[in-house]
Every structure is written in structure tokens, then in C-alpha cells.
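See below for the structure under consideration.
The values are calculated or read from the model by the stated rules, or taken from the named source; none is laboratory data. Because the structure is predicted, anything quoted here is derived from the model rather than measured. In this analysis, Cβ positions are derived from the backbone assuming ideal geometry, glycine residues included, and neighbour counts consider all displayed protein chains.
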Amino acid sequence: MTSIWWIRRDLRLHDQPTLHAASANGDVLPLFILDPFLLNKTPARRQTFLFEGLRRLAADLMKRGATLVIRRGNPGEVLTQLLAETNATAVYAEEDYTPYARRRDREIARAVDLRLIHGQSVFHPRAVCKADGTPYVVFAAYARSWRSLLPEHLPLLPAPVKIDMPPGIASDPLPELPPLNGFPAGEAEGQARLTRFCESHIGSYADQRDRMALEGTSTLSPYLRFGMLSLRTAVAAAIEAGQLATSAFARQSAEKWLSELTWREFYIQVMFHFPHVKTGAFQKQLSSIHWRNDRTEFQAWKEGCTGVPVVDAAMRQLKQTGWMHNRARMIAASYLVKELLIDWRWGERWFMDNLIDGDPAANNGGWQWTAGTGTDAVPYFRIFNPVLQGRKFDPHGEYVRRWVPELALLPDKLIHAPWEQGVVVPGYPAHPLVDHKQAIERTRRAYETAKRYYSSMESHE
DNA sequence: TTTTGAGTTGTTCGA
DNA sequence: GTCGAACAACTCAAA
């Protein structure tokens, strides 16, 4: 009996429960569908990463006696056609929890025997919940519960040695795109990065992760995004690193990284239970903020020309490499929302259009957190001052110099706020777009107004 | 049902 | 220069 393994965002052979389930009944046909609707929404650099990952996966499958079949078209039509072609009976796919994926899969399951297998996160989004069965909306409580459910040892499925596949299935070609710098795609690279991170950086993660000029973070996000590395594998490595740690600090560092991975799972769960976050504020009382949405300022933010060096460095790193340091993401996002008072969804979209790791749940969760519209509300007084953030997390200005070369010759003392000393650098804005103090006051008023409006509407109901 | 404690990532000010 | 306290009010989680 033949089953189709419909690959979506699980481009790996290790810890691969979907492939495992599909091959339990006999032959497996590994399939990736180039869905024009999805590809249209996927920017070129994420497509490049995906296609390269597919080529790597095809090579890994080849070593095990199988070939990767590529088909272009609407998933429902492609699957129906292929089932008829091959006499396959069932389609196995890793369950994807985004609103779009769930709608698509529900639709397809009406015509096709689609068997969704959990594998994207450690626990199914329904598995971690409060005593009354409702989902958590506060991270700390979620994480406590999640951690308590986590076993000391997470069993991971080994990669299959051999895959039996029906012969003679035609495949469409993969589009050729120019290669990406910095992030070679594929499972082997994801595994190698994980190993390297656990051997050298995880022990100092707690105090290096925020330093934007250093490689203190794992840089695994693109691999996790496409399932070239499973979240379970990363979590298992974090647990093991904690157990092997030889100092209290190293143990705390490993625990800290584990907690970052928990955020990823938390946001998958939030989007699963509260799909409205995809289009608007989680907190309904903040859904009618009167944004300024100045297009010129938005353009300056996108291009890295706001006049705030650390924000510009962050935005240029994104544009040039398709990746941004986590701390830089918060600073740049905070600047857009809290200083320019531009709708966080504009920023969310720009990140999705440029990040290789662009993931609906993680990106949305991060932006809503920054905007204060999300699950864990930021206290109103915790507004980033980008200059102080720069001085704190890029103390020698290396990050700024790397990405904003026109400022490279400024001394450390000036590099994060040259205008404060009256220094003007040719080719760089003489002043930031807005004054920090006035801007955050303006934002506070806008948020207050939105809340007041909401409670007045509520009292009239 | 009521109560209590707690809440990712900051900044400022005064001692 | 360093340090601790103050900065709202509210919602959630759990007892």
C-alpha cells in the first residue's frame, strides 16, 4: 500500500513522525506542492531558502532510495490527481496550526483521506492548558505548566535507513534562484548549527544573547521555521545542555534558551486558540488605536534612514541579510510603534516580507508584544529608548558600524546619538525623525484614548 | 466565590 | 559611578 508524505514545513528526516506514520503501511511518496497562492506571499529570499532546503532533502531521500516529487498547483487538485495516478490511499502531513493552514487542510480533508500528524511543536496546542481546560494567555504560567509536562528525556525518532517508494512518478522542476549568503539551507546545516551552539555558545547565552554585534544567539530560526530542525530536537538539546552544565551560570543559560524555545511554542498555541490575532490586537481594548501611519516615515524606517543609528543598523541588517538579531528586532519594532506611532501590522508585514525565518505565529507574537496589544501586556512605562538600548547592547558601536558604514568613523561616545553633540555626518540624517520624549507621550495618549473609547463603548452595551 | 500574588527583554531619579 | 525604588492599573492563574 502506498501513502503520500505531503511535506509542508517539515523538511527533515530526523524526528519525523509524519514520515514514520506514512511508512508504517508500506511505500511512501514524498511530495512537495508548489502552491502558487502561497508562493505569491513568500518573498524571494524565503523561497530561495525553501527551494535549497528541498534540494537538500531530495539528496537525503536519494541516499535512502527515494526521490522527492515536486508538483505545482492547488494542493487539493494535486493530491487528488496524484492519488489517482499512484493508487495511494492516504495522505500524511505534519499538522500546521496557523489559521490559513487549518482552513486549507479542513477543505482538503473533505475530498482526501488526510491524516494530520503532530510534530511541529513539543506539545499539541491543546495539550498544555489550565485546570479548567482553557488555554493560557500569560507566558509565565504557560511556561511553568509546559516545563512540568516536559520529560527529563525527550525521545526523538531516528531518520529512516531506507524508504520504499513506488517507481515512475513524474516530478516538476524546482525553480532556480540565486543563492543566499549566510544561511545555507537544509537539515544537515540546522543540526550542525545546533551542535555548534550547544558546544560553544549556550553556556554564555544568558549574558551574550543581547549583544547585537556578537554571535550569542543560536541563529536557528530559519531552520526551525521550515522544520529542517524540529523544535523537539532543539528542546532536547537544551535539556541536555542544562544537565551537562558544569556551573550554575551555564545551567541558567541553558534554561534561558529553553525558555526562548518555549516562547515559540507559546505563540503557536496563542494563534491556534485565538486566530483573531492574525488580523488584529489580542487585547480588544487596544484594537482602535488611532495610528499616524506616516508613509514617509515608514519608508525611512524600512530603508534604515530614521536617523537613530541602532534602528537603522537593525533595518539594514534585515534588508541586506534577511535576518535580524533578536534584540535589534525589539528595538526596531518598538521604534516603529512607540515613536512613529505606525500600525504594528505594517511592521509585521515588512518583517514577513524580508525575514528568511518569517513565521506567522512567532512574528505576530513578537510584534503584538512590542505593541503592547498582545497576550503579555508590557507595562506602559517600559518603553525602549533606542539610544540607551544601543549604548547598553552595542557598547562599542560595532553593530552600528557594520551596518551603517557612514557612521564608522564616529567614536564610541558619539555613535549612538551624534546629534546630541551637534555632530552631522554627510549622507546621514542630522536628526532623528522624531523627538523621543514627545513621541512616547503622543503614543501614551493614543493608547489611553483607545482604551477609554473601548470602555465607553462597553458601558453602552 | 473570593482573594492574593504575579506579570520577558526599561528608564529615571535621587541617594 | 552605582544602586534601589518608583513608575498604573489591570488581568490572569491558582489557591
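Numbers below:
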item: Single residue of the range A:125-166 satisfying the filter (of a type in the set (Gly, Ala, Ser) and away from DNA strand B (no atom under 16 Å from the Cβ)) that is farthest from the chain's Cα centre (by Cα); result: A:159
item: Residue that is buried (at least 21 other Cβ atoms within 10 Å of the Cβ), in contact (Cβ under 8 Å) with a residue 60 or more places away in the chain and either assigned to a loop (DSSP other than H, G, I, E, B) or not charged (D, E, K, R) (or both), where the choices are A:180, A:229, A:194, A:174; result: A:229
item: Helices (runs of 4 or more DSSP H) wholly inside the range A:321-384 containing at least 1 residues that are out of contact with any helix residue (DSSP H, G or I) (no Cβ under 9 Å at 6 or more places or on another chain), within 12 Å of DNA strand B (Cβ to nearest atom) and free of Cβ contacts under 8 Å to residues at least 60 places away in the same chain; result: none
item: Single match in A:131, A:143 (criterion: among the aliphatic types (A, V, I, L, M) and surrounded by 13 or more Cβ atoms within 10 Å (Cβ to Cβ)); result: A:143
item: Qualifying positions in the range A:147-171 - under 25 Å from residue A:83 (Cα atoms), loosely packed, with under 13 Cβ neighbours inside 10 Å and of a type in the set (Gly, Ala, Ser); result: A:168, A:170
item: Residue match in the range A:97-117 (condition: surrounded by fewer than 20 Cβ atoms within 10 Å (Cβ to Cβ), under 30 Å from residue A:372 (Cβ atoms) and small (Gly, Ala, Ser)); result: yes
item: Enumeration of residues in the range A:132-153 that are away from DNA strand C (no atom under 16 Å from the Cβ) and touching an Asp or Glu at 6+ places or on another chain (Cβ under 9 Å); result: A:153
item: Residue within the range A:81-101 that is part of a helix (DSSP H, G or I) and of a type in the set (S, T, N, Q) present; result: yes
item: Some residue of the range A:433-454 being modelled with pLDDT under 95, over 23 Å from residue A:296 (Cβ atoms) and over 32 Å from the mean Cα position of the chain (by Cα); result: yes
item: Meets criteria (crowded, with 20+ Cβ neighbours inside 10 Å, in contact (Cβ under 8 Å) with a residue 40 or more places away in the chain and small (Gly, Ala, Ser)) for residue A:430; result: no
item: Any hit, the range A:250-264, residues being of a type in the set (D, E, K, R), over 24 Å from residue A:387 (Cβ atoms) and in contact with a Leu (Cβ under 7 Å, 6 or more places away or on another chain); result: yes
item: Subset of the range A:1-45 (residues that are under 27 Å from residue A:168 (Cβ atoms), part of a loop (DSSP other than H, G, I, E, B) and touching a strand residue (DSSP E or B) at 6+ places or on another chain (Cβ under 9 Å)); result: A:1, A:8, A:10, A:11, A:16, A:24, A:25, A:26, A:35
item: Residue A:307, sole failed condition from (1) assigned to a loop (DSSP other than H, G, I, E, B); (2) on the phi < 0 side of the Ramachandran plot; (3) small (Gly, Ala, Ser); result: (2)
item: Sole residue being part of a helix (DSSP H, G or I), modelled with pLDDT under 95 and not aromatic (Phe, Trp, Tyr), chosen from A:299, A:269, A:285, A:317; result: A:285
item: Residue match in the range A:124-136 (condition: in contact with a Lys or Arg (Cβ under 9 Å, 6 or more places away or on another chain) and not small (Gly, Ala, Ser)); result: yes
item: Matching option when the condition is touching a Gly at 6+ places or on another chain (Cβ under 8 Å), within 23 Å of residue A:103 (Cβ to Cβ) and touching a residue at least 60 places away in the same chain (Cβ under 8 Å), among A:36, A:43; result: A:43
item: Filter pass, residue A:292 being surrounded by fewer than 22 Cβ atoms within 10 Å (Cβ to Cβ) and either of a type in the set (A, V, I, L, M, F, W, C) or not in a helix (DSSP H, G or I) (or both); result: yes
item: Test: residue A:440 is within 15 Å of DNA strand B (Cβ to nearest atom), in contact (Cβ under 8 Å) with a residue 40 or more places away in the chain and more than 16 Å from residue A:310 (Cβ to Cβ); result: yes
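Each row is one residue, and each column tells you yes or no for (1) surrounded by fewer than 18 Cβ atoms within 10 Å (Cβ to Cβ); (2) not charged (D, E, K, R).
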{"residue": "A:35", "(1), (2)": "no, no"}
{"residue": "A:38", "(1), (2)": "yes, yes"}
{"residue": "A:43", "(1), (2)": "yes, yes"}
{"residue": "A:49", "(1), (2)": "no, yes"}
{"residue": "A:52", "(1), (2)": "no, no"}
{"residue": "A:56", "(1), (2)": "no, no"}
{"residue": "A:59", "(1), (2)": "yes, yes"}
{"residue": "A:70", "(1), (2)": "no, yes"}
{"residue": "A:73", "(1), (2)": "yes, yes"}
